[in-house]
Amino acid sequence: MRIFQYSLFVSIFIIGVSLYMNLEKPIAKPSSPDQCMSCHSSTTNMDKSHPIEVFGCFKCHGGNRYATNKKDAHRGVVLNPSRLEYANRFCGECHSDVVKRVSSSMMQSQNGILNVLKFQWGELSTPIGLEGVVELKDKNSTSLAESHFRKACASCHVNQHEDVFDDKKYARGGGCVDCHRIEKGHQEKNHYVHSKLSSKIPSKNCLKCHNRSNRIGISYFGKFESEGYGTPYKHGEFSHKLDGSRFYYELPADIHHTKAGLDCIDCHTEKGVMGDGKKNHHMEDAEDIKCNDCHKPKFKKADSLAVMLSDLNGNIPETKSIAYTNKKNSPIYNLQKDKNSTKFYRKRDGKAFDMSNMSNKPYHTLDIHKRLDCTSCHSSWVPSCYGCHEVYFENGKQFDWVKREVTKGSWQEFRSFLRFESPSLGVGYNKKIMPFAPGCQVIGTLFKDKKVEKFHAMAMAGWDPHTTQKEVRSCEDCHFNPASLGLGRGNLDIKNNRIFFEPFYNSKKSGMPFSYPIDGFVSSDGKQFQTTSRKDARSFNKKELQKIVGAYKCILCHDRYSDKIYKDFNKSKILFNSGKTVCLD
Amino acid sequence: MLRLIVIFFMLGLHLNAEDCVDCHKKEAQKCQSSNHYTLSNAINITRKAWGIKDSNVTLQTIPHSKIDVKKPSDLVDDFLRRKCLKCHLNVKNSGERGMKRQRGCLACHSKHSKKGRCQTKKIAMSKCLSCHNKEFVGTDYKGLFPKDYSHSFRTPLQKDGKYPSQRYGIDFHHLNQDIHYKLGMSCVDCHNNKNGKNWKKNITCKDCHKELSKSNHKEYHSNISCSACHSSWNMSSYELSVFRDDTADYAKWKDLTLQEDAYLNKFLKKALKSKKKIKPVMPDWVDMKQKKGVWYSGWRYRRWEDMVLGVDMNGTIKILRPIFQYRVSYRDANGSMVLDDVSSVDGKPLEAWAPYSPHTITKKAKSCERCHNTEIKKGGVYSLKIPKVIYNGKALSKTQTDRLKSYKYKKIRAKMLN
């Protein structure tokens, strides 16, 4: 069925293109099967694939295609047919599979955010659930976490109404166009420029939403949301502005950006982004791409989807052998292999980059590091916002992004301090070791009618920060840095194989309702202080901490993988344990 | 006699002179040559950082800035007079809670008791902290680290939903306190005047801690200051952007009214509320006159866990701090940018790092790694962690840096760990 749709799509596309080669000219007046054109004759085409000459207006916008007066013609017209409540009727006629997938995707439901939030705030016993934006819409009562979700988080989902944003620059939502629109429709002097859609989604569309919370969108481009000083002042104004009163400063950007200028879509496959039709619980379930998919690729014959996608893209050559994701078997049609070389093509413009496989050096193959996720070594920094002080005013009023009206109760966010250096490590959702940062450390104060209530829900979360570098952290930065180990900032020492740690931060004196340091994920004897955002994620335990820190005494000297002990580490270990090699001679 | 009259005039201006100077001639004379009176250290290091080569002025001789500004050094005196020099013996009240003082001798030598105010030899810590606060040694002794300026850092809210009240013009994080503070000691317990020398320099740790118990104090760390190892955390305030604006442009500062400056906070709040146009004025704390223009400031970022080592004038290894890395802007009343984010003059950055002794002493010294594992990453704002201009000292030599990773060190450390 899907193949049929795609071939239908492709053939319409080819017919369209071959018939009308001059569509790009702005004032071309296409003829249309619909009467609409008697008024809207100056409307330009939105893209190569949907020429008005073939599609007319009715097919996408509804209304009465035969009427010639405005009132009759506009009856039932839908301005934005890509909103998900209409998309099935209009876009879905050709793209029904995609519309279905997007409608059940996480970017639409936000169930990942809502259920983790409810779990962390003690309203659910697990962070897993399918309740999302759609379900909240029909709900009259609201819990505390739901209230926070409505007033803050729910502004970002693909079917949000664009018209609710006061500042149009940051408007999000609108269904398919949320991501696919590269130019908004507008009237020009003597013609109307139809909204332009594309499958080559620019990263700035992703960044409309992916710039807060774990901030991967901005981190990727080397921007760290700063303490808000707006320094240095340039021309008498603040510089480094993100939006509103948010500012950033520069840190090393992700190597995929600095080296190849890759966009989000160069890695993130259509299935990973638009969903696979399943209702997923967490981002990582929905996610498709993994580092290995490109850096240790398996090549197979290009399938029909790959052919269709590269054809639609237009910049990427069609080839026989392409890579596929390991997880969902999606074609990575821009990673191709021919006889002599492996090339990665940038989707934006087709620029080719030579790819070589991940090396087989000890650092990638050693057993001692087999539990490490790539990100634990290759992520150079993580935006870490310590202390998320949420203040709720019961009698305040604030916009509810689900209901789209101002309702009772308002939230305001404060923070303690920010860091980016030496990401904390822990055991992530995939049971591998990865960077962790506050996510989120909520210290709540509820101003109710006659009383003030307090609660706290301190949590750390692990994610790929998208700050990948070829150069990795030093051995000491993991094995003897208390911040990396999750202990927090302070003074770490070992004596008689016991870990001693004295934190710098005094939470109690700083007004927190707990006594462990706010940047402490775990104590030096392995007691986890804070929860996480996933069922399986956790801090290091006592045994792990001792093992990691215990290895430091060897690392002092053997601090390079080129060191001969790593050549055959098991053999080295046997030799050492049997006393055949001695250190410190 | 003339000299006495001068001292009388300078110190005694605001108190009955016969109360102090008539009897305490010697002390008054000594005070006049002290840094507390001249503030020459703070003044000259900043003037040098801003590009004045051989600066040697005091609070008493600091000139006014030129009217015709071409480079940062033309503006440094104005900056000092209006942002820094609010802490001298003749300023009674710059508006910050905790920074109220008497003038002259009583700035330090007064105390409040049930009987009323009286003079005292035992100077309360609060008197010292009324100047020695925020980025400087003083409040660090109590474990205080200034919070960032934006209103979003002003937590936790009070019971009535209002922002917490500030001390010294800002809110504070509470970090590890100095062990001497924990044991109930106040500033003058160490910094006293017993042997009659210039009291700032007279005290060293060794004066009290004569017996150095452990072997590593002698063996290979003989040339290192006690505080380099025994301080818990220290102050690294990276890149201070300062901006004098002579135009009435206030709206953008609405989230940043708190800039460790009570006058500015009050002024901005008033200006932001007022429907009338409020003239941009700020006091000159030396001659106490309101003058044209308002100085704004903001950091790049601040840290308590970073540590950069250097060498002081005596060759002792100490912790360095940036005071500060400046970027200077000036917009005149016509709205033209006379100085637009100037961060160097003739290729020399407007910065000063200096060796210092953090007053965050702990009994247990740092682990070796805090010094020996220093690694500064490349790229972006990481580069601010590398000192370019150091006053009253210098960077570690190559030999010293190499020694941090020497085989000898590794061997000794590994033995300690095994």
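For the range A:359-379, the tally of residues that are out of contact with any Leu (no Cβ under 8 Å at 6 or more places or on another chain) and in contact (Cβ under 8 Å) with a residue 60 or more places away in the chain stands at 14.
Which residues, counting only those in the range B:111-140, are more than 14 Å from chain A (Cβ to nearest Cβ) and among the hydroxyl-bearing types (Ser, Thr, Tyr)? Break it down into steps so the answer makes sense when it comes.
The first filter runs over the range B:111-140 and keeps only residues more than 14 Å from chain A (Cβ to nearest Cβ), leaving B:111-138.
Across the range B:111-140, the qualifying residues are B:Ser113, B:Thr120, B:Ser126, B:Ser130.
Once the range A:212-245 is narrowed to residues that are at pLDDT below 95, in a loop (DSSP other than H, G, I, E, B) and in contact with a strand residue (DSSP E or B) (Cβ under 7 Å, 6 or more places away or on another chain), the residue that is nearest to the other protein chains (Cβ to nearest Cβ) is A:Arg215. For the range A:538-548, check the following and say yes or no: at least one residue is over 18 Å from A:Gly488 (Cα atoms) and in contact (Cβ under 8 Å) with a residue 40 or more places away in the chain. No, the range A:538-548 contains no residue that is over 18 Å from A:Gly488 (Cα atoms) and in contact (Cβ under 8 Å) with a residue 40 or more places away in the chain. Only one of these is at pLDDT 90 or above, surrounded by 14 or more Cβ atoms within 10 Å (Cβ to Cβ) and touching a strand residue (DSSP E or B) at 6+ places or on another chain (Cβ under 7 Å): A:Phe514, A:Phe569. Name it. That would be A:Phe514, the only listed residue that is at pLDDT 90 or above, surrounded by 14 or more Cβ atoms within 10 Å (Cβ to Cβ) and touching a strand residue (DSSP E or B) at 6+ places or on another chain (Cβ under 7 Å). Does B:Pro283 qualify as being in contact (Cβ under 8 Å) with a residue 60 or more places away in the chain and either assigned to a strand (DSSP E or B) or aromatic (Phe, Trp, Tyr) (or both)? Here the answer is yes, as B:Pro283 does meet what is asked. If you go through the range A:188-228 and keep only what is more than 11 Å from A:Cys264 (Cβ to Cβ) and aliphatic (A, V, I, L, M), you end up with A:Val193, A:Leu197, A:Ile218. Screening A:Phe447 against (1) at pLDDT 95 or above; (2) farther than 25 Å from A:Glu225 by Cβ; (3) more than 8 Å from chain B (Cβ to nearest Cβ) leaves a single unmet condition, (3). Looking at A:Ala253, A:Ala260, just one residue is surrounded by 21 or more Cβ atoms within 10 Å (Cβ to Cβ) and farther than 30 Å from B:Arg244 by Cα, and that residue is A:Ala253.
The residue pairs whose first member lies in the range B:147-176 and is in contact (Cβ under 8 Å) with a residue 40 or more places away in the chain and facing chain A (nearest Cβ under 10 Å), whose second member is of a type in the set (Lys, Arg) and assigned to a strand (DSSP E or B), and whose beta carbons are closer than 6 Å, counting only pairs six or more residues apart or on different chains, are B:Ser152/A:Arg415.
Within the set B:Lys364, B:Lys415, B:Lys411, B:Lys378, the sole residue that is more than 24 Å from the chain's Cα centre (by Cα), among the basic types (Lys, Arg), facing chain A (nearest Cβ under 9 Å) and under 30 Å from B:Gly51 (Cα atoms) turns out to be B:Lys378.
Tallying residues that are out of contact with any Pro (no Cβ under 8 Å at 6 or more places or on another chain), more than 11 Å from chain B (Cβ to nearest Cβ) and of a type in the set (Val, Ile, Thr) within the range A:376-417 yields 3.
Please verify whether the range A:117-134 includes one or more residues that are more than 22 Å from A:Gly439 (Cβ to Cβ) and in a loop (DSSP other than H, G, I, E, B). No - not one qualifying residue is present in the range A:117-134. Filtered by the rule that a residue be farther than 22 Å from B:Lys405 by Cβ, surrounded by fewer than 18 Cβ atoms within 10 Å (Cβ to Cβ) and aliphatic (A, V, I, L, M), the range B:353-394 gives B:Val381, B:Val389.
Residue check: is B:Gly196 within 14 Å of chain A (Cβ to nearest Cβ), over 29 Å from B:Ile317 (Cβ atoms) and either surrounded by fewer than 20 Cβ atoms within 10 Å (Cβ to Cβ) or at pLDDT 90 or above (or both)? Criteria not met by B:Gly196.
Taking the criterion of being surrounded by fewer than 22 Cβ atoms within 10 Å (Cβ to Cβ) and within 13 Å of chain B (Cβ to nearest Cβ), the residues of the range A:418-438 that qualify are A:Leu418, A:Glu421.
The values are calculated or read from the model by the stated rules, or taken from the named source; none is laboratory data. All values derive from a computational prediction rather than experimental measurement. Don't worry about glycine lacking a Cβ; one is built from the backbone with ideal geometry, like all the others, and counts go over all protein chains shown.
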